[in-house]
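Below: the structure, in structure tokens.
The values are calculated or read from the model by the stated rules, or taken from the named source; none is laboratory data. If you're wondering where the values come from, they're calculated on a predicted model, not measured in any experiment. Cβ placement follows ideal geometry from the backbone for every residue including glycine, while neighbour counts extend to all protein chains displayed. The protein model used for the area step is the full one, side chains on, heavy atoms only, and it has no ligands, DNA or RNA in it. Shrake-Rupley method; radii C 1.70, N 1.55, O 1.52, S 1.80 Å.
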Amino acid sequence: MARFIAGDQALLVGVLLVLLTPCVDYVIVFSSLAGASSDRLLATAPILMLAQMVTLPAYLLIFIGPEVISAIDPKPFVEALVVLIIIPLVMAAMTQKLAAKSRVGRAAMATTESLMVPLMMSTLAIVVGSQIVGVGEEIASLWAVVPIYVAFLIVMVPVGLATSKIFRLDTGSTRAAVFSGATRNSLVVLPLALALPEPFTLVALVVVTQTLVELVGMVVYVKVIPRIVK
């Protein structure tokens, strides 16, 4: 699908950056609304996060080529990996370990779990709000990626169903697999997109556009997926 925009490097990098990274955050919330096994998605989140940070550079090298990769400064990627991924994972592990031993830790766990949905919605609002003016200014260029994002959401339903059938997953896990395949990690890759050099300033807006399309798609998924996977 990315071949349709292969002539524009910024659009191509943005589409690949977001579509090659599976979601580890609000997919848990939306899948839970659809009766999926969101607890399994939560358990796999750290594995998916670390794996995609390792494989993403290799994917970009394969799909885009060494010329573009050589123009990207790896320092912001490393900083984002440490600040956005490694440190939060370590803090989460420490909180869970504390929760197993003390009342304060259990209270902290209960509080953060109850705040997960409002915090996620606040994060989405801040991220979209920070880039929405730029999206409006570049809408003529960004329209080219919207059909790709819509097609991706449609295609990933049969792909998820077929994968689930191969591995003989139950109903809840099948729904989770479909959601995990369709949702992408835009909130995490956006800082990486913002760290790209001047010729790729449009990449961040391409990523945010995917978020806007996907949010509409998730509302549809919540209604449709339970009817498909009964």
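For Arg184, the residues whose amide H sits under 5 Å from its own are Cys23, ignoring neighbours fewer than 5 places away on the same chain, with H placed 1.01 Å from N.
Computed over neighbours whose Cβ is under 14 Å from that of Val18, the net charge equals -1, Lys and Arg +1, Asp and Glu -1.
Residues of segment 144-160 with an amide N closer than 19 Å to a point placed 7 Å from the Cα of Phe4 along the Cα-to-Cβ direction: 144-159. In the context of the full set of protein chains, residues of segment 85-230 present 55 Å² of accessible surface per residue (probe radius 1.4 Å, heavy atoms only). Eigen-decomposition of the gyration tensor built on the alpha-carbon atoms of segment 1-92 gives equivalent ellipsoid semi-axes of 28, 19, 9 angstrom, largest listed first.
Under the convention that each Lys and Arg Cβ holds +1 and each Asp and Glu Cβ holds -1, the size of the dipole of the chain around its Cα centre is about 1160 debye. Grouping the Cα pair distances of segment 162-226 into 5 Å bins from zero gives a pair-distance distribution of 3, 16, 20, 16, 14, 12, 9, 6, 3, 0 percent in increasing distance order. Note on segment 103-230: Kirkwood hydrodynamic radius from all Cα pairs is 16.7 Å, rounded to one decimal.
Across the accessible surface of segment 14-89, with the other protein chains kept in place and a 1.4 Å probe, carbon and sulfur atoms take up 74 percent. As an exercise, identify the chymotrypsin sites (Phe, Trp or Tyr not before Pro) in segment 140-230 lying in DSSP coil whose Cβ has no more than 12 other Cβ atoms within 10 Å. Sparse-neighbourhood loop chymotrypsin sites (Phe, Trp or Tyr not before Pro): Trp143, Phe167.
Shape summary: the chain maps onto an equivalent ellipsoid whose semi-axes, from the alpha-carbon gyration tensor, are 29, 23, 17 Å in decreasing order. For the chain, the membrane-span-like helices by this rule, meaning whole DSSP H stretches whose C-alpha atoms cover at least 24 Å of axis and whose Kyte-Doolittle mean is 1.0 or above, are 38-64, 116-137, 146-166, 203-228; this says nothing about an actual membrane. Working from Cα pairs under 8 Å separated by at least six residues, relative contact order for segment 76-230 is 26 percent. Summing +1 for each Lys or Arg and -1 for each Asp or Glu, what net charge is found among the other residues whose Cβ lies under 12 Å from the Cβ of Val207? After counting each charged neighbour, the total is 0. Net charge in the neighbourhood of Thr171 (other residues with Cβ under 15 Å of its Cβ; Lys, Arg +1, Asp, Glu -1) is +4.
Separation of segment 36-61 and segment 167-227, taken as the distance between their Cα centroids, equals 13 angstrom. Ellipsoid semi-axes for segment 4-43, based on the Cα gyration tensor and the rule √(5λ), read 31, 9, 6 Å when sorted largest first. Annotation: lysines with alpha-carbon distance below 18 angstrom to Lys165 (same-chain offsets under eight excluded): Lys230.
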